[in-house]
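Engineer: Here you go, one structure.
The values are calculated or read from the model by the stated rules, or taken from the named source; none is laboratory data. Predicted, not measured: the structure shown is a model, and the values here were computed from it. Glycine also receives a Cβ, built like all others from the backbone with ideal geometry; neighbour counts cover every protein chain displayed. Ligands, DNA and RNA are stripped out before the accessible areas are found, and what is left, the full protein with its side chains, is counted by its heavy atoms. Shrake-Rupley method; radii C 1.70, N 1.55, O 1.52, S 1.80 Å.
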Amino acid sequence: MTDATMEPATPRHGLGTRILHLGVALAVIWQVGVSLLMQGPRGATPGDTLFATHSYVGLASFGLILLFWLNLLARRIGTESGALFP
């Protein structure tokens, strides 16, 4: 078969799924990396800047994961919901 006769393949996952997956992956990498370097609160001393970003990125991660799961429920292409939620 030549390139001219081949039909364009449909993507397995939509753009929204790919972007949300990238966001979740980057958030998890950030959380793990920062947790190795941050100093948490001790007594009356608050945590450092990395601790503050760790907490805010954690909240953003929760939002991304929630959006990701809502996207999984609403999408039309990709893995069927029955395979994800048996």
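Engineer: Return the pair list, or none, for Cβ contacts closer than 6 Å from residues in the range 39-67 that are without any contact (Cβ under 8 Å) to a residue 40 or more places away in the chain to residues that are open to solvent by less than 70 Å² (accessible area, probe 1.4 Å) and among the charged types (D, E, K, R), at least 6 apart or on different chains.
Structural biologist: Within 6 Å, the pairs are GLN39/ASP48.
Engineer: Among (1) modelled with pLDDT of 75 or more; (2) touching a His at 6+ places or on another chain (Cβ under 7 Å), which single condition is GLY78 missing?
Structural biologist: Among (1) modelled with pLDDT of 75 or more; (2) touching a His at 6+ places or on another chain (Cβ under 7 Å), the lone unmet condition for GLY78 is (1).
Engineer: Which one is surrounded by the fewest Cβ atoms within 10 Å (Cβ to Cβ) among residues in the range 5-20 that are within 15 Å of LEU67 (Cα to Cα) and modelled with pLDDT under 90? Walk me through it before giving the result.
Structural biologist: First, the residues of the range 5-20 that are within 15 Å of LEU67 (Cα to Cα): 14-20.
Restricting the remaining residues to those that are modelled with pLDDT under 90 gives 14-18, 20.
Values: GLY14: 15, LEU15: 8, GLY16: 13, THR17: 18, ARG18: 12, LEU20: 21.
Among those residues, the one meeting the criterion is LEU15.
Engineer: In addition: Can you tell me which residue in the range 24-35 is surrounded by the fewest Cβ atoms within 10 Å (Cβ to Cβ), limited to those that are among the β-branched types (Val, Ile, Thr) and either farther than 30 Å from GLU80 by Cα or more than 12 Å from the chain's Cα centre (by Cα) (or both)? Step through it out loud before you land on a result.
Structural biologist: Within the range 24-35, the subset among the β-branched types (Val, Ile, Thr) is 24, 28-29, 32, 34.
The next check asks that each one be either farther than 30 Å from GLU80 by Cα or more than 12 Å from the chain's Cα centre (by Cα) (or both); those that pass are 32, 34.
Values: VAL32: 9, VAL34: 17.
Going through the qualifying residues, I end up with VAL32.
Engineer: For the range 36-74, which positions are open to solvent by 50 Å² or more (accessible area, probe 1.4 Å) and at pLDDT below 85?
Structural biologist: LEU73, ALA74
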